[in-house]
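Shown below is the structure under consideration.
Every read-out reported here was derived from the displayed coordinates using simple, explicitly stated rules and does not represent laboratory data. Everything numeric in this text was worked out from a predicted model, so none of it was measured. When we count neighbours, we look across all protein chains shown, and the Cβ atoms used for this are built from the backbone with ideal geometry, even at glycine.
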Amino acid sequence: MAFQRKSRQSPRGVGDEKWGAAVARLRQLSSLRPALGIILGSGFHHVLARVKVDGELSYDRIPGLPPVGVTGHSGRVVVGRLEGTPVLIFSGRAHYYEGHSMEAVTCSVRVMAACGITDLLLTNAAGGVNPKFRAGDFMVISDHINLMGVNPLRGTTIGGLPRFVDLTCAYDPQLRRWLGTAARRCGLRLRSGVYLAVAGPSYETPAEIRAFARLGADAVGMSTVPETIVARQCGLRVAGLSCITNLAAGRSRAALSHQEVLDTAARVRHAGARLVAEFAKIHGQQHPT
C-alpha cells in the first residue's frame with residue numbers, strides 16, 4: 001500500500017474519520033513510500049521542476065484539504081523522486097490569516113504523518129530582523145517563537161497523541177546539519193536563526209520589529225510554526241528553511257509589500273531549488289527507503 005511504512009502499525013496524527021479520505025486519495029497516486037515530506041512556501045515552488053513526478057493532484061481534489069489563496073502557492077500535491085529520493089511534496093499552504101482554523105492549516109502535516117512520512121522540511125518566505133541579513137539570504141531555522149496567539153494543539157487530542165509536546169529540539173539537529181552540507185555543496189551561504197511567527201496578514205511595525213529583535217528573533221513570518229508543533233506531536237523530525245525575501249519594518253527605508261516578497265523569491269528561485277534538491281539527495285543517501 002502506497003506510503004504505508006512497515007515500521008508503523010497504524011497512521012499517526014490522523015483520525016480515519018476526519019482525514020482518512022484524504023490519505024486514501026493520496027495512496028492511489030503512487031506506489032512510492034517516501035520518508036521525506038516537503039511543504040513548499042512562497043519562493044520555493046520551483047523545486048517542482050526538479051522532481052521526477054510519479055503522481056500529482058490538486059488540493060481541491062483532496063477531501064478536507066483547505067484551498068490556498070496566496071500568490072506563489074500552487075496548491076498541488078506531488079509524489080515523485082527529487083535527486084533520486086522519494087518525496088511527498090505539498091506545494092503551497094493555507095495560512096491562518098486567510099481565515100482558516102489551525103486544524104485546517106496543519107491538516108497537511110497530519111495527512112503526511114498518516115502516509116508514513118518520518119522527516120519533514122518546511123520552507124517559507126520571511127522578513128529579516130537580524131541586521132546582518134540581506135534580502136535573498138537563506139536561513140535554517142534553529143528555533144522559533146510563537147506569537148500567533150494560538151496553538152494548533154488546543155482542543156481535543158487526535159488519535160491518542162500527547163497533548164503536552166516537548167519542543168526543546170523542535171528543529172532536528174541532524175536535519176539542520178544536512179541543510180548546512182547541502183548549502184556548502186551548492187556554494188550558498190546559509191544563515192542560522194530563530195523564526196518568530198505572527199498571525200498576520202498585516203506587516204509588523206518598526207516598534208514590533210525592535211521588540212522581536214530583543215526577544216531573540218532573526219526572522220519573522222506568518223506560517224511554519226503551527227506545522228512544526230503538529231509535526232512534533234506526530235513524532236516527525238522537522239527542518240525549517242526560510243528565504244529572507246525582505247528586510248523587516250524599520251530595517252530599510254522602503255515600504256513593505258507582497259510584491260517585494262515575490263520579486264526577491266523569483267531572483268533566488270534557482271538557488272532555493274538547488275538547495276532543497278541537494279538536501280533531498282543527502283537525505284536519500286543517509287536515510288535509504
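How much length, in nm to one decimal, is gained on full extension between residue 145 and residue 174, taken as 0.36 nm per residue of separation minus their Cα-Cα distance? Each step should come with its number before you reach the end.
On the way: separation 29, 0.36 × 29 = 10.44 nm, distance 2.08 nm.
Between residue 145 and residue 174, full extension yields 8.4 nm more.
Pop a pseudo-label 7 angstrom from the Cα along the beta-carbon direction at both residue 199 and residue 49 and give the gap in nm to one decimal.
Between residue 199 and residue 49, the simple spin-label model gives 3.8 nm.
Using alpha carbons only, how many degrees (0 to 90, rounded to 10) separate the axis of helix 206-215 from the longest principal axis of the chain?
The helix 206-215 is inclined about 60 degrees to the chain.
Taking 0.36 nm per intervening residue step and subtracting the Cα-Cα distance, what contour gain separates residue 192 from residue 156 on full extension? Mind showing how you got there, number by number?
Working: separation 36, 0.36 × 36 = 12.96 nm, distance 3.46 nm.
Separation in residues times 0.36 nm, less the Cα-Cα distance, equals 9.5 nm.
With +1 on each Lys and Arg Cβ and -1 on each Asp and Glu Cβ, how big is the dipole of the chain about its Cα centre, in debye rounded to the nearest 20? Mind showing how you got there, number by number?
On the way: 35 positive and 20 negative charges, 159 e Å.
Using only the charged Cβ atoms, the result is roughly 760 debye.
Among 79-87, 185-193, how do they line up by average Cβ neighbours within 10 Å per residue, starting with the highest?
On the way: 79-87: 21.0, 185-193: 15.7.
Going by the mean number of other Cβ atoms within 10 Å, highest first, we get 79-87, 185-193.
Which angle from 0 to 90°, rounded to the nearest 10, does the C-alpha axis of helix 258-267 make with the longest principal axis of the chain?
That works out to roughly 70 degrees.
When a/c reaches 1.5 or more, the comparison of a/b and b/c decides; with that in mind, is region 96-167 rounded, prolate or oblate per its Cα gyration tensor? Kindly include the intermediate steps, with their values, before the conclusion.
Values: a/c = 2.05, a/b = 1.71, b/c = 1.19.
Because a/c hits 1.5 or more and a/b exceeds b/c, region 96-167 counts as prolate.
To continue, here is another question. Please order 60, 54, 137 by the number of other Cβ within 10 Å, starting at the fewest. Could you put the intermediate results ahead of the total?
Working: 60 10, 54 17, 137 22.
In increasing order of surrounding Cβ atoms, one gets 60, 54, 137.
Name the residues whose placed amide hydrogens come within less than 5 Å of the amide hydrogen of residue 192, ignoring near sequence neighbours (fewer than 5 apart) on the same chain.
Correct list: 140.
Give me the distance in nm between label points sitting 7 Å out from Cα along the Cα-to-Cβ direction at residue 287 and residue 210, one decimal.
4.2 nm
Between 0 and 90 degrees, rounded to the nearest ten: what's the tilt of helix 269-286 against the longest Cα principal axis of the chain?
Its long axis makes an angle of about 40 degrees.
Another question, then. Gaussian network model of the chain, Cα springs within a sub-10 Å range: biggest mean-square fluctuation belongs to which of 208, 103, 227?
208
So for the chain, taking the charge dipole from beta-carbon charges (+1 Lys/Arg, -1 Asp/Glu), which of 117, 188, 272 sits furthest toward the positive end?
Projecting each Cα onto the dipole axis, the largest value belongs to 188.
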